[in-house]
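Student: Mind looking over this structure? Questions follow.
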Amino acid sequence: WSSRGASSTMAPTPAVVFAIALTLLVGGTEAEVYKVTKEDVLGYTLAAKHLFYVDASPPGRGNKKGLVRDDDAAEVVFEDMRVTLSTLESNEEKESGGVQVGLIPWDEFGELLDKSSFCTADGNLSLKEHASKKDARIVKVPIGKTVTQRLKITTTGVYVAFLSNCGPSDNLQVSGTVLVKGTNGYLPANRKGVLTLFGWGLAAHIIAGVVWVGLLASNKKLLHEPHYAIASCIAFGAAEAVCYWQLFGEVGDTGESSAWLEKLCQSMSIMKSSYMFAVILLLCFGVGLTQAEEYSGISWKLLGVTTLFSIALAPKVAVFDYRHSKNLSDGEVLLAMAPVIVVTLASIAWGGKGLSKTMSRCKDLNYDDTCKLLRRLVMLVVLLVVLAIGVMAAQVMDKPGKGTTSWQQHMLWGDAAGELVHLIVLVALMILCQPDPITFRAGEYVTSQGDDEMKGAPCAQEDDERAGILDLEELQGDTLGPTADTIGAAAE
């Protein structure tokens with residue numbers, strides 16, 4: 001929106017989304033802070049930058065009348081805002097009016113700004129007369145000066161931070177911080193209750209960990225790769241809950257968080273999902289159930305696929321951590337989800353092939369209990385896929401910037417739904433994979449009657465690999481060596 005061919009923007013390009021997400025160097029977790037570092041602001045432009053979810057209602061503590069104490073009131077702080085020239089080409093640029101930085105209600109963004117011209121003749125931002133004009137909070141930052149200003153916010157709602165330049169200069173750069181606090185702290189109002197959620201998540205993982213460690217400790221000689229993978233999944237799930245609880249606690253207290261803590265939380269989330277993914281693939285290929293890992297080298301392939309899944313999951317985890325504050329488009333969100341969707345579908349096809357061979361061979365070897373476990377695994381995977389599709393669809397449809405009635409949906413689909421699905425599948429895998437010699441038969445070699453075939457042969461290996469198993473009866477009498485009845489006998 002401009003009077004001179006300028007633009008109004010909201011989100012980075014898809015390429016930027018991928019670059020940020022893959023390195024996990026994003027603005028990360030949604031916080032009520034927007035930091036600006038030498039950002040270019042072209043002449044006669046206005047750019048929306050960040051969404052803030054602000055609860056300005058009484059905090060429920062204070063005096064009996066429910067009035068907000070002055071130190072509890074919602075506010076926005078424009079801190080150390082300054083404008084510099086990227087180049088010094090003319091004296092005219094030095095005399096430019098500077099840049100406007102502010103907050104206006106997101107729902108009324110189009111009602112407050114004139115789409116044909118949002119700048120006045122004297123170089124200021126022009127707002128139309130509207131009921132929500134009183135909720136706009138705007139400061140002007142002249143070139144060469146540092147501005148810090150604290151303004152109260154009296155209306156609950158979604159606000160958008162913006163930068164505007166109503167002068168002719170294309171060489172202005174803005175730096176500073178926009179910090180918003182609600183009546184209950186700096187945590188975004190649409191994430192209210194997230195500390196409780198991760199607190200319960202931590203408790204659930206601790207209980208699961210105690211139960212699982214007890215099972216493993218009492219069956220030390222029956223443990224295989226899936227058992228250790230489940231233990232790792234529980235450990236990373238607990239670490240994720242602790243990490244996010246600490247992260248959101250810092251955000252709520254100060255409005256900011258350390259970058260390393262954000263990246264650590266995202267890494268824990270990725271590892272938690274990756275180990276659950278690995279457990280399912282290990283079972284599909286019979287690792288621990290039979291001797292597949294000893295003969296076909298499948299463990300290395302599983303490691304590679306799981307690593308690929310972790311890399312593909314990174315854009316989705318990182319982008320969804322800040323989607324509601326950056327108002328990313330549906331296309332950008334789908335682009336971030338595409339890698340993990342592609343890898344998951346390919347893994348399902350590959351894992352299904354291995355599962356089919358595993359079940360077929362286990363039937364041949366009369367591993368009835370192992371076959372029963374694999375059939376239940378199929379049902380669990382189908383349930384997981386259906387739930388995952390439902391959650392991701394809901395996440396895509398849960399648009400940023402919605403009103404207060406939809407704020408709880410942001411946390412429901414962004415945090416709670418995924419955590420609940422993870423716990424359901426985790427408990428199911430723990431039940432399926434209890435250490436038991438009847439189902440986990442790796443290392444068991446018992447000769448079946450009549451065909452001299454070892455029951456410990458790998459269920460998931462290829463048919464042509466089975467041809468390499470020696471048949472001792474067929475070798476008797478061959479030229480490979482003397483028979484037992486001629487050893488030590490005199491030559492005739």
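Student: How far is it, in nm, from the label point at Leu334 to the one at Gln434 when both lie 7 Å from their Cα along the line to the Cβ?
Tutor: It is 4.5 nm.
Student: Sorting Trp413, Trp260, Trp407, Trp245 by accessible area (1.4 Å probe), largest first, what list results?
Tutor: Heavy-atom accessible area, descending, gives Trp260, Trp245, Trp413, Trp407.
Student: Against the globular-protein guess of 2.2 N^0.38 Å, express the Cα radius of gyration of segment 322-395 as a ratio, rounded to two decimals.
Tutor: 1.56
Student: Under 26 Å Cα-Cα from Lys316, which lysines qualify once same-chain neighbours fewer than 8 residues away are excluded?
Tutor: Here the lysines satisfying the reach criterion relative to Lys316 are Lys35, Lys49, Lys192, Lys263, Lys272, Lys301, Lys326, Lys399, Lys402.
Student: I need the calculated FRET efficiency for the pair Lys353 and Ala394, taking r as the beta carbon distance and R₀ as 22 Å, to the nearest 0.05.
Tutor: My answer for the efficiency is 0.10.
Student: Out of all Cα-Cα pairs in segment 295-348, roughly what percent, to the nearest whole number, are more than 16 Å apart?
Tutor: 49
Student: Largest first, what is the accessible-area ranking of Lys49, Lys140 with a 1.4 Å probe?
Tutor: Accessible-area ranking of Lys49, Lys140, largest first: Lys140, Lys49.
Student: Quickly work out the Val421-to-Ala217 label distance, labels modelled 7 Å from Cα along the C-beta direction, and quote it in nm with one decimal.
Tutor: 3.4
Student: Could you order Glu75, Glu39 by accessible surface area, starting with the largest, using a probe radius of 1.4 Å?
Tutor: So the residues, ranked largest to smallest area, are Glu39, Glu75.
Student: Let me ask another. For a bin width of 10 Å, list the pair-distance distribution of segment 200-340 built from all Cα-Cα distances, rounded to whole %.
Tutor: 11, 31, 33, 18, 6, 1
Student: Now, a different point. At 7 Å along the Cα-to-beta-carbon direction for both Glu111 and Thr196, put a label point, then send me their distance in nm to one decimal.
Tutor: Placing both labels 7 Å beyond Cα along the Cβ direction yields 3.2 nm.
Student: At 10 °C and a viscosity of 1.306 mPa s, what translational diffusion coefficient does Stokes-Einstein give for segment 134-278, taking Rh as the Kirkwood radius over Cα pairs? Give it in µm²/s as a whole number.
Tutor: Here the translational diffusion coefficient equals 83 µm²/s.
Student: Still on this structure: What is the Cα coordinate range of segment 229-298 on the first, second and third principal axes, sorted by size from largest, in whole angstrom?
Tutor: Result, largest extent first: 55, 16, 13 Å.
Student: So how much accessible area does Asp398 have, in Å² to the nearest 10, using a 1.4 Å probe?
Tutor: 10
Student: Report, as a whole number in µm² per second, the diffusion coefficient that Stokes-Einstein gives for segment 158-229 at 20 °C and 1.002 mPa s using the Kirkwood radius over alpha carbon pairs.
Tutor: 118
Student: Please give the FRET efficiency for His130 paired with Ala259, using the beta carbon to beta carbon distance and R0 = 30 Å, rounded to the nearest 0.05.
Tutor: For His130 and Ala259, the calculated efficiency is 0.20.
The values are calculated or read from the model by the stated rules, or taken from the named source; none is laboratory data. Note that this is a predicted model, so its numbers are computed, not measured. Note that we place each Cβ from the backbone using ideal geometry, even for glycine, and neighbour counts take in every protein chain shown. Note: areas computed on protein heavy atoms with side chains; ligands, DNA, RNA excluded. Shrake-Rupley method; radii C 1.70, N 1.55, O 1.52, S 1.80 Å.
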